[in-house]
Amino acid sequence: MLHIDRNALPGLPRPVFEINAEKVDNAIRLTVMVSTGHDITYMDIEAIDADTFERSAKSWLLDRPYFDGDDLPWAIAVADATKRISIWLKKTSMYTATTPA
């Protein structure tokens, strides 16, 4: 499991205090941990390849109900968190193997 909190990502805007990534079957479960009074949200995203995962993860994270769509600090945090998760996935060989066409 990968934890991205304010120690790793100081620009993480409130109410979010941590983003977690963990392997669940052939998918990666992203969990957004938030302060009291807000609902925790999670999504399982299939880890087919780096590009597909990153697009899906960014889209889902940017759509969290805690921020407006144009919230710059959240967009920056999402880009950084997604990149960190993708690097972690590559290091741990968690992407599903694909056969070239």
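What follows draws every value from the coordinates through simple rules; no lab data is involved. If you're wondering where the values come from, they're calculated on a predicted model, not measured in any experiment. Because the Cβ atoms are built from the backbone with ideal geometry, glycine has one as well, and the counts that use them run over all protein chains shown.
Starting from the Cα of residue 40, step 7 Å along the direction of its Cβ; do the same at residue 55; then give the gap between the two resulting points in nm.
3.1
Could you compute the FRET efficiency for residue 3 and residue 70, with r as their C-beta to C-beta distance and R0 at 22 Å, rounded to 0.05?
Plugging the Cβ-Cβ distance into 1/(1 + (r/R0)^6) gives 0.20.
Rounded to whole Å and sorted largest first, what semi-axes of the equivalent ellipsoid does the C-alpha gyration tensor of segment 3-101 yield via the square root of 5 times each eigenvalue? Working shown, then result.
Values: eigenvalues 116, 34, 31 Å².
Largest first, segment 3-101 gives 24, 13, 13 Å.
Relative contact order for the chain using alpha-carbon pairs under 8 Å, separation at least 6, rounded to a whole percent?
Taking the mean separation of contacting Cα pairs over the length of the chain, I get 24 percent.
Which whole-Hz ³J(HN,Hα) couplings does segment 44-58 yield from phi under the Karplus relation 6.51 cos²θ - 1.76 cosθ + 1.60, θ = phi - 60°, glycine and proline marked x?
Once θ is set to phi - 60°, the couplings for segment 44-58 become 8, 10, 5, 9, 6, 8, 4, 5, 4, 4, 4, 4, 5, 5, 4 Hz.
Please work out how much length the chain gains when fully extended from residue 48 to residue 83, using 0.36 nm per residue of separation minus the C-alpha to C-alpha distance, in nm with one decimal.
11.0 nm
Under 12 Å from the Cβ of residue 64, count the other residues' Cβ atoms, weight Lys and Arg +1, Asp and Glu -1, and hand me the total.
So the environment of residue 64 carries a net charge of -3.
Would you mind pulling out the separation of the Cα centroids of segment 52-69 and segment 2-24, in Å?
14
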